[in-house]
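Everything on this sheet refers to the single structure shown next.
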Amino acid sequence: MYSALPFAFAQVAIEIPYTMFQTLLYGILVYSLINLEWTLVKFMWYLFFMFFTFLYFTYYGMMAVSLTPNSDIAAILSSAFYAIWNLFTGFIIPHPIASLVEMVLLGITSFMDFVWTIWFTIWR
């Protein structure tokens, strides 16, 4: 009845308004809850990145469902990729080696000075 290409374009196009609404709702709530600076430019950049993040997660889920034989395998495959994507998003930031060099140069010798320097190096 329908060819595959217009159906695929319709599936992609119908997700855009829904994702825009979802982004606005999520963006306003989260941006205000984490108390970021309320400037129009920063808020619009935040919405821009959230919108495209939601879109690629949604489109990846649609692709996984269409490429796998059933939705159960697609869910397993998607959860593995979502875990890998979240691992490399930058939330797990490794401890910089520069702080160890600073401790050697500053001559920190006691253990508590070491712990104090490490603790506040992580949070600065």
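The values are calculated or read from the model by the stated rules, or taken from the named source; none is laboratory data. Only a predicted model underlies this, so the values are computations on that prediction, with no experimental measurement involved. Glycine gets a Cβ as well: all are built from the backbone with ideal geometry, and neighbour counts include every protein chain shown.
Overview of results
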{"quantity": "Hits in the range 4-43 (condition: exposed (fewer than 10 other Cβ atoms within 10 Å of the Cβ) and either in contact (Cβ under 8 Å) with a residue 40 or more places away in the chain or not in a helix (DSSP H, G or I) (or both))", "calculated": "Ile34, Asn35, Glu37, Trp38, Thr39"}
{"quantity": "Unmet requirement for Met50, which otherwise passes all of (1) loosely packed, with under 13 Cβ neighbours inside 10 Å; (2) modelled with pLDDT of 90 or more", "calculated": "(1)"}
